[in-house]
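The values are calculated or read from the model by the stated rules, or taken from the named source; none is laboratory data. These figures come from a predicted structure and were not determined experimentally. Neighbour counts are summed over all protein chains in view; Cβ atoms, including those assigned to glycine, are modelled from backbone coordinates with ideal geometry. For accessibility, only protein heavy atoms count, side chains too; no ligands or nucleic acids. Shrake-Rupley method; radii C 1.70, N 1.55, O 1.52, S 1.80 Å.
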Amino acid sequence: TSTLREVSCGEEEGIVTAMGAERGKLYVAVYFDGRSKIWSFDPSSGVNGTCMLEDLGGKNQFSNTIRAMAVSMDGLYLVLAVDSGEGAFGESGAGLADDAQNIDVVSIRSGGKNEMTQFSDDTSGFRKVELRNVAALSLDPMGKSLTVLSNLGPWDPVVSNAAKVSGTYTWMLTKLDTFSIRADESEISSNTATLSGGGMSLEQIDLFSQGVVFRNTTARGNDAGLSGGGFYVEDCEATVVFEGCDIVDNGATRRGGGIEVQYASNLHILRNSSIEGNRALYAPGLHFSSIQYADPEFQTEWVNPNYKLPDLGESSVLIEDSEVSRNVATDDKSEQTGAVTMEGCSLADVRRSLFEGNNAWYGSAFTTRSQTQARFHDTVFRKNLATTGVVFATEATQLFFNSVTFVANEVDHGSLALNSTFPA
């Protein structure tokens, strides 16, 4: 038995808990001093009956009471029912006997918060999910839906105050299904964006979506004024899948002519997909970064050995049974990196794929930098043109090769080039 923390709570204020599947970690939300705060308790860290408490940080502070809490199976997210502040008499406060709650999803890693929304048939479009007197939350194991135990089901903001404080309470289970995006046999062509995402922009698609899947779809001839000529993907922890897709002849003024991927995002390029003929100043096919542009104070290890990367989660890409070809970096030299360029806590897994006819100064087919890890299996690099390296790695990156072939490439300095720093 351990004392987690001693706090003083009013009679309408209290504590809610949730137990995570990961090592039985306990999450505790307490309302006191005018706000709710959340701690995590790891039983394995207890010493002589003393529990180590980790405050999850200022980003997870709420001005109103948390009424119920659940933890995702992977231990990455908390789902919270948080008082909206619109109480039984429209009062703003905490722990009222009859109140509406919004549903928030909080990333345990980053502290980022998303509010669950639902589509309204009226002209307002999407609005926050609101339920009445939430008692319990339950996530299905795959994170595809959320079941809520509450009074009277969805909160109706037009119900009179008298009805809101009725002495009769009806318990209801509400299932909130998550959204998904599917595109089959579709075409996205000849579109233009001033900044990013010439063809399509996908942002903040979290664990509770069913993901984004494109099948047998073509993105052709799209342009972006900054990055992501074909697609711009940002902070998408749910996997974005391209299956049998062609991302061809797109352009970006800066980077990521075919696809630009930012922050903690996950991408799968599968089953005869192609990234072909795209152009950008650098990284013309696919630019992938989880950190470099997220943290303006970013420094590589060789500049500042004490620099600590912010924990935004790892980004990853899987390229399988696909082709990356004829992508061209247009910069004269200084930043001209390869068709696929990955940097900043990113992971790449490339299987049974072909890189052919790409053109860039450094790493014409594949460039890794700034703490990236890339694995290549049964992959061919053929007829790529570069000054330094068809594959170029620098700045604390790791490369793994298994049954990889380099053939008929044209380079001045090595088909595989490893440098501790980026050349001046």
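For the list (1) among the hydroxyl-bearing types (S, T, Y); (2) at pLDDT 90 or above; (3) open to solvent by less than 40 Å² (accessible area, probe 1.4 Å), I need the number of the one condition that T253 fails. With (1) among the hydroxyl-bearing types (S, T, Y); (2) at pLDDT 90 or above; (3) open to solvent by less than 40 Å² (accessible area, probe 1.4 Å) applied to T253, the lone miss is (3).
When every residue of the stretch 318-328 is checked against the conditions, none turns out to be farther than 15 Å from I275 by Cα and either open to solvent by 10 Å² or more (accessible area, probe 1.4 Å) or within 26 Å of the chain's Cα centre (by Cα) (or both). Applying the set (1) modelled with pLDDT of 85 or more; (2) more than 23 Å from the chain's Cα centre (by Cα) to I103 leaves exactly one unmet item: (2).
Taking the criterion of being at pLDDT below 90, open to solvent by less than 10 Å² (accessible area, probe 1.4 Å) and farther than 19 Å from G258 by Cα, the residues of the stretch 329-380 that qualify are G344, S370, T372. Just so you know, in the stretch 367-387 the residues that are assigned to a strand (DSSP E or B) and in contact with a Gly (Cβ under 7 Å, 6 or more places away or on another chain) include one that is nearest to T330 (Cα to Cα), and it is A386.
Note on the stretch 225-250: among residues that are at pLDDT 95 or above and among the aliphatic types (A, V, I, L, M), the one that is surrounded by the most Cβ atoms within 10 Å (Cβ to Cβ) is I247. Across the stretch 381-420, the qualifying residues are those that are under 14 Å from T337 (Cβ atoms) and modelled with pLDDT under 85, and the one among them that is most open to solvent (accessible area, probe 1.4 Å) is N419. Each residue in the stretch 333-366 was checked for being of a type outside the set (D, E) and either over 14 Å from G389 (Cα atoms) or in a strand (DSSP E or B) (or both), and 20 pass.
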